[in-house]
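**Q** I have a structure here, written as structure tokens, and I will follow up with some questions on it.
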């Protein structure tokens, strides 16, 4: 299935105590380029998501937004700075001894010094979080690819329609080209009779001149190659792999054959058809820039 490089997909799921939102969008790019916007606490997901998306996306500038909202209060671990607590206790004892104060084990007094305690978040279960998020990413990718395929089908129809137009112009050129040789021969005869004042015309000389002209304007090789390129273009569109780069190269070859035909054309009608072909080729080139 031919895919456009333009696409958008979104998915939201509640899973493993989290509400996960994933958005994926892409535009044209020669290669696969990945950018993400993920909360810092979940930055470990970036490389996992990138590698996962590369299984489905060959080309395009891809932006991925992931939002994770936890439905439960995050657990934390309280750590005690025992050396600091011991220091406080020693200082309190020294005060009591120096000023004859009553020494007691007042826990409240000690706990009022909050710098004794450090609260750290429990280490994240990275693999568990990834397994939960991956399912949401897959759902977003599904709608993302569906949009790319719809756009790709439109691009395919347009390109093939223009390819048919090119073939119609090629058919005209193939039919018209031999006629130009015959017309040149008749014009040459008339010109020679005019110059020689009805004196016997050298038929052998005419045949030689006509043969030289025919060889000069012959475009059979170019039209055959052009038809072959169009056939190959159609074959590419039946592939299930990324074909954008191949199409780009093939369109260059089609344009090269059209230029060669144009340089050989001495007939205004053929020249007009070449212009039409080049116009269609340029439109095809613009369209395939968006094909993956």
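The values are calculated or read from the model by the stated rules, or taken from the named source; none is laboratory data. Predicted, not measured: the structure shown is a model, and the values here were computed from it. Note that each Cβ is placed from the backbone with ideal geometry, even for glycine, and that neighbours are counted across all protein chains shown.
**Q** Filter segment 246-270 down to the residues that are more than 14 Å from residue 221 (Cα to Cα), free of Cβ contacts under 8 Å to residues at least 40 places away in the same chain and surrounded by 15 or more Cβ atoms within 10 Å (Cβ to Cβ) and list them by number.
**A** 246, 250, 251, 255
**Q** Kindly evaluate residue 166 against the criterion of being in the same structural domain as residue 49 (by TED's automatic domain parsing) and surrounded by 13 or more Cβ atoms within 10 Å (Cβ to Cβ).
**A** no
**Q** I want to confirm something. Restricting to segment 34-46 and keeping residues that are surrounded by fewer than 16 Cβ atoms within 10 Å (Cβ to Cβ) and closer than 16 Å to residue 24 by Cβ, which single residue is nearest to the chain's Cα centre (by Cα)?
**A** For segment 34-46, the residue satisfying everything is 35.
**Q** Counting only residues that are part of a strand (DSSP E or B) and surrounded by fewer than 12 Cβ atoms within 10 Å (Cβ to Cβ), which one in segment 62-84 is modelled with the highest pLDDT?
**A** Across segment 62-84, the extreme among qualifying residues is 69.
**Q** Residues in segment 112-130: is at least one closer than 30 Å to residue 58 by Cβ, assigned by TED's automatic domain parsing to the domain that holds residue 12, modelled with pLDDT of 85 or more and in contact with a strand residue (DSSP E or B) (Cβ under 7 Å, 6 or more places away or on another chain)?
**A** no
**Q** Please work out which residue is surrounded by the fewest Cβ atoms within 10 Å (Cβ to Cβ), limiting yourself to segment 9-33 and to residues that are in contact with a helix residue (DSSP H, G or I) (Cβ under 7 Å, 6 or more places away or on another chain) and under 12 Å from residue 65 (Cα atoms).
**A** Ranking the qualifying residues of segment 9-33, first place goes to 10.
**Q** Hey, can you tell me all the residues within segment 47-61 that are free of Cβ contacts under 8 Å to residues at least 24 places away in the same chain and surrounded by 11 or more Cβ atoms within 10 Å (Cβ to Cβ)? Show your work before the answer.
**A** If we filter segment 47-61 for residues that are free of Cβ contacts under 8 Å to residues at least 24 places away in the same chain, which is where we start, we get 47, 50-51, 54-55.
Residues satisfying the conditions are 47, 50, 54.
Yes or no, residue by residue, for (1) under 21 Å from the mean Cα position of the chain (by Cα); (2) assigned to a loop (DSSP other than H, G, I, E, B):
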| site | (1), (2) |
| --- | --- |
| 12 | no, no |
| 25 | yes, no |
| 49 | yes, no |
| 52 | yes, no |
| 58 | yes, yes |
| 86 | no, no |
| 89 | no, no |
| 92 | no, no |
| 102 | no, yes |
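**Q** Let me ask another. In segment 258-268, is there at least one residue being assigned to a helix (DSSP H, G or I) and within 19 Å of residue 59 (Cβ to Cβ)?
**A** No - not one qualifying residue is present in segment 258-268.
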